[in-house]
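Everything below concerns the one structure shown next.
The values are calculated or read from the model by the stated rules, or taken from the named source; none is laboratory data. These numbers were taken from a predicted model, which means no experiment stands behind them. Ideal geometry is used to build each Cβ from the backbone, glycine not excepted, and the neighbour counts take in all protein chains shown. Heads up: the accessible areas ignore ligands, DNA and RNA and are worked out on the full protein's heavy atoms, side chains in. Shrake-Rupley method; radii C 1.70, N 1.55, O 1.52, S 1.80 Å.
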Amino acid sequence: MDSFIPHGYCLNWQPGLLWTLVGTNLLTGLSYFSIPLALMYFRSRQPAFRYNWVLVLFSLFIFACGASHLVDVVSIWKPVYRAEAGVMTATAIISLGTAVLMWPLVPRISAFLDGAVAARNELQAVNEQLRASVQALERSERRFRQTLEHSAIGLALVGLDGSFLSVNPALCRIVGYSREELLAVKFQTITHPDDLDVDMAYVDDLLAGRRERYSMEKRYFHKNGSIVDVQLDVTLLREPDGTPTHFISQIQDISERKRTASTLADATAELEMLYEDAPVGYHTLDRLGYVTRMNRTELNWLGYSRDQVVNRMCFADLLTPDSRQAFWDMFPDDAACGDLVRAEHDMQRRDGSVMPVEVLASPETDDRGSLTGYRVTLTDISERRRGEALVRHTAERMTRMLENLQTGVVVHAADSAIEYANPAAQAFLGLTHEQLLGKVETDPCWRFIRHDGSTMPVDEYPVNVVRRTCKPIHDCEVGVVVGAGAEPRWALVNAFPDLGERRELRQVIISFVDITERKQLALELQRQALTDALTQLPNRRHFLELADREWARARRGGHALSLLMVDLDHFKSINDRWGHGVGDQVLRAFAECMRPQLRDSDVLGRLGGEEFAVLLPETALAQAREVAERLRQALAEVTVEVEAGAPPIRVTASFGLVVGDADIGTVDALFAHADQAMYAAKRAGRNRICVAAVAGTAEAG
């Protein structure tokens, strides 16, 4: 520090501050010196720049600024005030000159830059237009290629010498050759020799300018050797100066059309034969009703020759007197055109016999829509008339039979609406025929139930099963409830579909037998088989079935299932002292006492003698214990009156409770644990509840 000479420039003589000043001045000076170099480099790269003198002036200004920073560094060691003053004076002069010259130049430079920006924008717009044009050209080329590749008809570009330049897949399919194979040959190679001269003459006309295009039917040889008939359409493409370049050919496979045309004549002859010998009569009439044409079948029916009828007789002359007026009503002089007319008439043969026919007449009109005549088809309906008479007779017999049949019969339309119900069905349903007509199976006035008493889904209704499957069903047991609160009536139902000629459903016919009494008897027998006669509770067999069902449901759903075994205390002594009649009263009193204390889902059953059981679905131990205690207390309030003067009998019971869990594998094990708990309650003094532990011990409560 002693080497530094203090002078007025340094206000805080500290080494760190002085070296910072030295470093920043050096960096700033060097940076200033680099700017003129960059400007000179720019001038060398942009010789067209019109303001070079500005760059020179600006470079001098920047250079002077950099020199002032170097002088500041030197002044730290050796004051060079004259040099510093000279540099600052030069910098001031250059700065002032630059400022004076720059202000007038600003508008010119701004205009120059604006022009450059405008030129750049214009160039960019031109580039965008050029890019859009190129993209449009590419899209057009792509569409052309896609059209060529995916066209339904054959397309080819053909050289002036007949060689294929480009072919599409459709042409390859027509002639059976691959693209490569076609590009290696000329069209003359695959053209039938008999068509080649005509084709070449057309080509010469195109080249000579006598034609712009030509069309012809010709034949190609398929790769497999067969002949393909095609429709060829050719255009010649020329340069702007008229020089031919290549042909554009469109090829359509018309083999099928040719085959159709070849058979058309045969078909026409066959149709004429069919017209003449058809199993129905055909004739045409003019607008006045005169016959202008008649086929051989109708002439044979009537016994006339063609010359006797055509253009000589009015069709009304061939009808019986009773049918003539109906004919004229059917064909008035001013008949409206377009309507198909259908009627039945009686024709009178030449020998005087009568032939019933069905007439189907179609009006014919001219271009103005005026009626010109009729095309008429006649069908011999003699057999139909006899059949209709037989059907009417049979229908009358069937109606009488159905009216007196003891089996119910209901006829449904295809949409399930009732069309007929015989008296037996009306009596079974309790509705009149008029009330039943039009009702559907989902009518709210009735509902159907299954044989087990559950509601039958709509899709299981017999009529709907037949409508859905078009197959008969047999001996289906169905319950019908007509009206709210009514008892179900039971029927054994058979149903079958009535199908049309096209297997379409026309009707569903239901027949049924009333089995209500038999069903009620069966239900009563079933009830008796499953119910204890004395207490009307489920008997042992039915209770065990219900227990198996609840056990399986509990295992599936992960629910708790509790079981109470109940045994009446000292019941044998009651029987011994008061007799079995009083014992039966005690058992009935127990059942009547227990029922109100249980839920609808709980099951109370008599297992035998004085032993009962209670199933408590979805009931855990704490709730089951509460139920058992409620039952025990309710039973303690029960009294059974005996003979006069004797005190009433009070009844108690011992309860064994078990809750099924993972350690109890079967329902039999559940009953065994509950039974052990019940006997534990008896050993503990009776009139109490004992809870079984899974390990086999019991807890008295």
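Annotations
- Of the residues His580, His433, ranked by 1.4 Å probe accessible area with the largest first, the sequence reads His580, His433.
- Cα-only Debye scattering, the stretch 487-631: base-10 log of I(q)/I(0) at q = 0.11 Å⁻¹: -0.61
- Given the chain, longest segment not containing exposed loop GluC sites (Glu not before Pro) (DSSP; at most 12 other Cβ within 10 Å): 213-500
- Solvent-accessible area, 1.4 Å probe, carbon plus sulfur percent, for the chain: 55 percent
- In Å², nearest 10: area of Leu26 left accessible to a 1.4 Å probe: 70 Å²
- Helical runs assigned H by DSSP (4 residues or longer) give the chain a calculated mean residue ellipticity at 222 nm of -16000 deg cm²/dmol, each run adding -39500 (n - 2.57) before division by the residue total.
- For the pair Val73 and Asn127 in one chain, pulling the backbone fully straight at 0.36 nm per residue adds 14.0 nm over the alpha carbon distance.
- Mean separation of Cα contacts under 8 Å, 6 or more apart, over the residue count of the stretch 496-569: relative contact order %: 12 percent
- Helical segments meeting 15 Å axial Cα length and Kyte-Doolittle -1.0 threshold in the chain (DSSP H): 15-45, 52-77, 81-150, 193-208, 255-277, 516-530, 580-594, 621-636, 667-683
- In this structure, the residue pairs whose Cα-Cα separation is over 19 Å, taken from Lys218/Lys258; Lys471/Lys519; Lys439/Lys519, are Lys471/Lys519; Lys439/Lys519.
- Simple spin-label estimate for Arg683 and Asp205 gives 12.4 nm between the two label positions (7 Å along the Cα-to-Cβ direction from each Cα).
- Note on the stretch 550-701: percent of Cα-Cα distances in each 10 Å bin, starting at 0 and stopping at the bin with the largest distance, equals 11, 42, 31, 12, 3, 0.
- By the rule of a C-alpha distance below 20 Å, with chain neighbours fewer than 8 residues away ignored, the aspartates and glutamates paired with Lys78 are Asp2.
- If you take the Cα centroid of the stretch 496-566 and the Cα centroid of the stretch 456-481, the two points sit 18 Å apart.
- Mean separation of Cα contacts under 8 Å (6+ apart) over length of the stretch 574-701, as relative contact order %: 17 percent
- Taking all protein chains as they are arranged and a probe of 1.4 Å, the heavy atoms of Lys439 leave approximately 50 Å² accessible to solvent.
- Entry comment: accessible area of the chain is 58 Å² per residue, from protein heavy atoms only and a probe of 1.4 Å.
- Loop-located trypsin sites (Lys or Arg not before Pro) in the stretch 452-511 whose Cβ has at most 11 other Cβ within 10 Å (DSSP): Arg502, Arg503
- Environment charge of Pro538, counting only residues whose C-beta is closer than 11 Å and scoring Lys/Arg +1, Asp/Glu -1: +2
- Per-residue SASA remark: Val203, around 10 Å² accessible (1.4 Å probe; ligands, DNA and RNA not included).
- Förster radius 41 Å - calculated FRET efficiency between Glu212 and Arg350, Cβ distance, rounded to 0.05: 0.05
- For the stretch 327-439, the Cα-based Rg and Dmax, in that order, read 22.7, 66 Å.
- Chymotrypsin sites (Phe, Trp or Tyr not before Pro), loop per DSSP, at most 16 other Cβ atoms within 10 Å - longest free stretch of the chain: 52-701
- Rg [Å, one decimal], Dmax [Å, integer] - the chain, C-alpha atoms: 57.7, 162
- The chain - percent relative contact order, Cα under 8 Å, separation 6 or more: 5 percent
- Cα pair distances exceeding 21 angstrom across the stretch 364-520, given as percent: 55 percent
- Placing unit charges on the Cβ atoms only, positive for Lys and Arg and negative for Asp and Glu, gives the stretch 327-485 a dipole magnitude near 560 debye about its Cα centre.
- Modelled FRET efficiency - R0 25 Å, Ile93 with Phe42, Cβ distances, 0.05 increments: 0.50
- Given charges at Cβ of Lys, Arg, Asp, Glu: the stretch 126-231 dipole, positive-most of Leu171, Gln188, His222: Leu171
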